[in-house]
1. Would you mind counting up the charge near His80? Only other residues with Cβ under 13 Å from its Cβ, with Lys and Arg at +1 and Asp and Glu at -1.
2. Taking other Cβ within 10 Å of each residue's Cβ, how do Ile105, Ile47 sort, fewest first?
3. Among Val102, Val117, which comes first, second and so on when ranked by fewest other beta-carbon atoms within 10 Å?
4. So which GluC sites (Glu not before Pro) in the range 54-139 are both in a DSSP loop and have at most 13 other Cβ atoms within 10 Å of their Cβ?
5. Hey, got the dipole for the range 43-101? About the Cα centre, +1 on K and R Cβ, -1 on D and E Cβ, debye to the nearest 20?
6. Where both residues lie in the range 41-136, what percent of DSSP beta bridges are antiparallel, nearest 5?
7. Any chance you could check the Cα centroid distance between the range 44-66 and the range 101-139 for me, in angstrom?
Amino acid sequence: MSNIDSGAKLLNFIVVGAVAAAAMLYIISPRTPVAPPDDAWFKSAVINRSEPVLVKFGAEWCGPCRMLDPELDKLQHRLHGQVEVVRVNVDNHPDLAEHYGVSSIPRLLLFNHGQVVADRVGYVDGHQLQAWVASNCRN
């Protein structure tokens, strides 16, 4: 093996190691919270509310999102005045989806006094949904 081959392998090893180390630092390092997008509608409907708000991030083309909608309607009817339900279409509000780290839909975020208190991904039936909301809305 020539010195050039050894040097190239060593350089490759160093570069790959540096990239892996940088990736690990990014993954484990605490991130500075980013201010939410300046979205007046979202602030009014979710952030500035004193009662709990269940936010569903979804899209019209998403089958499980559409299956969840009737369950959310029933929940809002059953918990009228206790929990507000808000739907966010990720195609129309990609900045909100990005801010809250939505990478899979449907994604449910439960807010209380403007703060996320619970987070859930995927379809859930009405009984499980009500139990999840109730268990996370205790003051």
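1. Details: positive: Lys74, Arg78; negative: Glu51, Asp73, Glu84.
Taking every other residue near His80 into account, the sum is -1.
2. Working: Ile105 21, Ile47 14.
If I rank by nearby Cβ atoms, fewest first, I get Ile47, Ile105.
3. Fewest to most other Cβ atoms nearby, the residues stand as Val117, Val102.
4. Details: sites: Glu60, Glu71, Glu84, Glu98; in loops: Glu60.
Taking the range 54-139 and a limit of 13 other Cβ atoms within 10 Å, the loop GluC sites (Glu not before Pro) found are Glu60.
5. 200
6. Numbers: 11 of 17 bridges.
Roughly 65 percent of the beta bridges in the range 41-136 run antiparallel, per DSSP.
7. 10
Taken together, the values in this text are just the output of simple stated rules run on the coordinates, not laboratory data. Note that the structure is a prediction, hence the values are computed from the model and not measured. Please note: Cβ atoms are built from the backbone with ideal geometry, for glycine as well, and neighbour counts cover all protein chains shown.
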